[in-house]
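Below you'll find the structure, written out as structure tokens, and then a few comments.
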Amino acid sequence: MENNITIPKHIGIIMDGNGRWAKKRFLPRNMGHKKGAEVFQDITRYCNELGLEAVTFYAFSTENWKRPQEEVEGIMKLFKEYLIKAFDYEKENNKIVFLGDKSAFSGELLDLMLEIEEKTADRTGMILNIALNYGSRNEIINACKEISQLVKEGKMSIDDINEESFSNHLYTKNQPDPDFILRPSGEKRLSNFLLWQSAYAEFVYMDVLWPDFTRKNLDEAILEFNKRNRRFGGV
Ligand code: IPE
Ligand code: IPE
Ligand code: MG
């Protein structure tokens, strides 16, 4: 990266296009997810090198359970494999947080998620968010329920509900909002990703499929981000 480039603080990445990548090669969709998981690892390392404060990868949405059982099972198996061996959470300084409703998971996968979060909680490096069974609407409703419960118990007053206190009940509590949302694969939509948090984010859509995504593509996206004039409602 060139010297005079502003690196975003927090990038949100919608890892999309795995299925189409596989289809183009007459391979089963899960081969696309496998290649996508390898790219996820490499891009995570690159985000560390670039010095980001946080990066959020959208890995599985609350709507993705609709997919054929074989595909969902394959994806869950991949998560497990990656969390166990390939993802070297012992050596890196990333604080790993799983965004999403964990109540859908159980057994070995849930244990791994909790163990990784606990082991990395005090890390001082980049925050690595992995959105698993994540949906923004679900997240916002969950925050409403938590706040209502506090109000009901007399631990919070209605006047204390504001943007800041509300944000503290989202899965991304205590984190900077994403300044940049990136979606490869050619689709131009958010698909229920970080709706609240991306209120002032810049959006970049790219025509490359996620399994083909390279460090150079991320450089290009950051250059595009640098061309944007962010006004935050001012002049
Ligand atoms: C993204 O790739 C991965 C997940 C949603 C789990 P897709 O599987 O959505 O790939 P396409 O969009 O069908 O190509
Ligand atoms: C969004 O991709 C979810 C993830 C990348 C995990 P989808 O492929 O599920 O989104 P749609 O169906 O194209 O909106
Ligand atoms: Mg898709």
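Descriptive notes on the structure:
- Note on the stretch 182-235: with charges restricted to the Cβ of Lys and Arg (+1) and Asp and Glu (-1), its dipole about the Cα centre is near 240 debye.
- Residue of 198, 106, 167 that the Gaussian network model of the chain assigns the largest fluctuation, springs spanning Cα pairs under 10 Å: 106
- Within a Gaussian network of the chain (alpha carbon springs, distance under 10 Å), most fluctuating of 11, 147, 158: 158
- Most fluctuating residue given options 176, 68, 211, as computed from a GNM of the chain linking Cα atoms under 10 Å: 68
- In this Cβ point-charge picture (+1 for Lys and Arg, -1 for Asp and Glu), the chain has a dipole of about 800 debye about its Cα centre.
- Most to least packed among 50-57, 13-20, 108-115 [average Cβ atoms within 10 Å]: 13-20, 50-57, 108-115
- Percent carbon-and-sulfur accessible area, the stretch 83-204, ignoring ligands, DNA and RNA, probe 1.4 Å: 50
- Among 65, 89, 100 the positive-end extreme of the charge dipole of the stretch 1-105 (Cβ point charges): 65
The values are calculated or read from the model by the stated rules, or taken from the named source; none is laboratory data. Please read these numbers as outputs of a predicted model, since none were measured by experiment. Quick reminder, even Gly has a Cβ in these numbers, built from the backbone with ideal geometry, and neighbours come from all protein chains shown. Just so you know, the surface numbers come from the protein's heavy atoms only, side chains and all, with ligands and any DNA or RNA stripped out. Shrake-Rupley method; radii C 1.70, N 1.55, O 1.52, S 1.80 Å.
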